[in-house]
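So the structure is just underneath, and the comments pick up after that.
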Amino acid sequence: MEEITERFAPVPVGPQLQSTADLLVSLYAFQEQRKEARQQAATAAAAMPQDKPVQGPPRPQQLPGQPSGVMAAQPNNQAMAAVIGKAAEKLEKPQMPYLPQQILLAEVDARFNGTIRQPLIGFGERLAMFWANHFAVAVSKSEEVHIVAGAFEREAIRPHVFGRFADMLLAVETHPAMLGYLDNQQSIGPNSKANANKKRGLNENLARETLELHTLGVNGGYTQTDVTTLAKIITGWTVARAEGKLGAPGTFVFNAGAHEPGDQTLLGLTYADNGVGQGREALRDLARHPATAQHIATKLVRHFVADTPPPALVQTVAATFSKTDGDLSAVYRALIGSEDAWNPTLSKVRSPLEFMTALLRASGETPKPNVILGALTAMGQPFWAPAGPNGFADTADVWASSESLSMRMDVANMIANAVPPQIDPRRFVSDSLGPLLSNETLRAVSRAETRNQGLAIAYLSPEFQRR
């Protein structure tokens, strides 16, 4: 309750954790440098002297750097392709580490070796993870999303975790990460100035996911017509590119020329054509819609209480959401004020992300960020890389498979082997699990043949795997 009252959501920090605009400007420069490097490599390869005709039978071509007497088996065009590839590699790799991945690693380090360890309870951090999955983006989508996924969470999610849902929704839908992930830059009003040749049109991705996933829910009462209408309303919502024609590079901008003109009717409400304000008003109304309250309440209760959300608690949380106009702090108080939230039975299976977080908090270990990314991928939940915009699942049937548990065993052993030798597994399991510790788990840890094996058994115990 104290974290809610103080609205404490830890802020990831680090020298490479810049604003979205700064990161995108750096990406644009990186892309331009890479383009120039490739052009230079191709030019250098093209300028290499060609084979001159010789008398007598032709000799096989020998590749540069190939030992004397070992001839190339491939034809000349294949040899030349290899030369170009090697030249490009020399120009790109040593001079240009892959910038988006560098930033991603810095973001991971700031969280797993930073924010997850700051608070005693960590409710604010758990909420940040929940909302980042609710408004999911995937770093695999593009270089732009890859480099700003962390900034998206820092700028659009964390500042609003204890605020109003409507403010978070607007911040999310106007953020370059979400606009890029769901292709809204490609959406052009059919009757807009930008579509004078009638060769372009709407992209409905962002509109559909805003209705289906972010607000009303799949059974929220909207129609395909509503999806198309919302897509029209948010045409022109885009990101300024490197040339800066529409605004400061890397920032959200409204391109009036691409916006579909005219008033629009969405879910029975008509929105006047007042530019970017048309979309903002529509989002505010979606945020306070009864179906949105029901959808958000169901997801929160499922995440924090049980895979099958108790209907009475869902209704209590939804009613609080509606009564307070989406005041999330009030919503959380209604959630944790329920007896269902304090059921001593551990019914939720930790997702790989939650398991990794618990492992690091309990052990005190600080693996390198690439190790953390590899472990999460192996366990089936690659960081900020869900298969679709619906994010990762939040139920036991997905995470309790034999394959998933096998991968967890490898990760548990990795952490156990890194823990300092003075750690006693029996004391650790007793201190970490407290009254949740079962006699069976204590006996299994006590009978372990080695200290590392005892720690791994503790990490893999039912009490540690559930929450």
* Among the candidates Ala362, Ala341, Ala358, Ala416, which residue alone is under 21 Å from Ala106 (Cα atoms) and either modelled with pLDDT under 95 or assigned to a helix (DSSP H, G or I) (or both)? -> Ala358
* With respect to Ala282, is the statement that it is free of Cβ contacts under 8 Å to residues at least 60 places away in the same chain, touching a strand residue (DSSP E or B) at 6+ places or on another chain (Cβ under 7 Å) and not in a loop (DSSP other than H, G, I, E, B) true? -> yes
* Test for Ala385: is it over 17 Å from the mean Cα position of the chain (by Cα) and in contact (Cβ under 8 Å) with a residue 60 or more places away in the chain -> no
* Could you look through the stretch 256-268, keep only residues that are assigned to a loop (DSSP other than H, G, I, E, B), in contact (Cβ under 8 Å) with a residue 60 or more places away in the chain and on the phi < 0 side of the Ramachandran plot, and pick out the one that is surrounded by the most Cβ atoms within 10 Å (Cβ to Cβ)? => His259
* Scan the stretch 384-441 for residues that are of a type in the set (Asp, Glu) and either buried (at least 17 other Cβ atoms within 10 Å of the Cβ) or touching a Lys or Arg at 6+ places or on another chain (Cβ under 9 Å) (or both) and jot them down. => Asp394, Asp424
* Asked: Which ones in the stretch 164-196 are small (Gly, Ala, Ser) and either crowded, with 18+ Cβ neighbours inside 10 Å or assigned by TED's automatic domain parsing to the domain that holds Glu144 (or both)?
  -> Ala166, Ala171, Ala177, Gly180, Ser187, Gly189, Ser192
* To do: Please verify whether the stretch 269-276 includes one or more residues that are on the phi > 0 side of the Ramachandran plot, in contact with a strand residue (DSSP E or B) (Cβ under 7 Å, 6 or more places away or on another chain) and surrounded by 14 or more Cβ atoms within 10 Å (Cβ to Cβ).
  => no
* Answer yes if at least one residue in the stretch 211-218 is hydrophobic (A, V, I, L, M, F, W, C), touching a His at 6+ places or on another chain (Cβ under 9 Å), without any contact (Cβ under 8 Å) to a residue 24 or more places away in the chain and under 23 Å from Trp131 (Cα atoms), and no otherwise. => yes
* Asked: So how many residues does the stretch 226-255 have that are without any contact (Cβ under 8 Å) to a residue 40 or more places away in the chain and not in a loop (DSSP other than H, G, I, E, B)?
  -> 5
* For the stretch 389-413, how many residues are in contact (Cβ under 8 Å) with a residue 60 or more places away in the chain, in a loop (DSSP other than H, G, I, E, B) and small (Gly, Ala, Ser)? -> 1
* To do: Provide a single number: the residues in the stretch 365-382 that are touching a residue at least 60 places away in the same chain (Cβ under 8 Å), under 18 Å from Thr115 (Cβ atoms) and in a helix (DSSP H, G or I).
  => 3
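The values are calculated or read from the model by the stated rules, or taken from the named source; none is laboratory data. Every value quoted in this text rests on a predicted model; they were computed, and no experiment measured them. With ideal geometry, Cβ positions are generated from the backbone for all residues, glycine too; neighbour counts draw on all protein chains shown.
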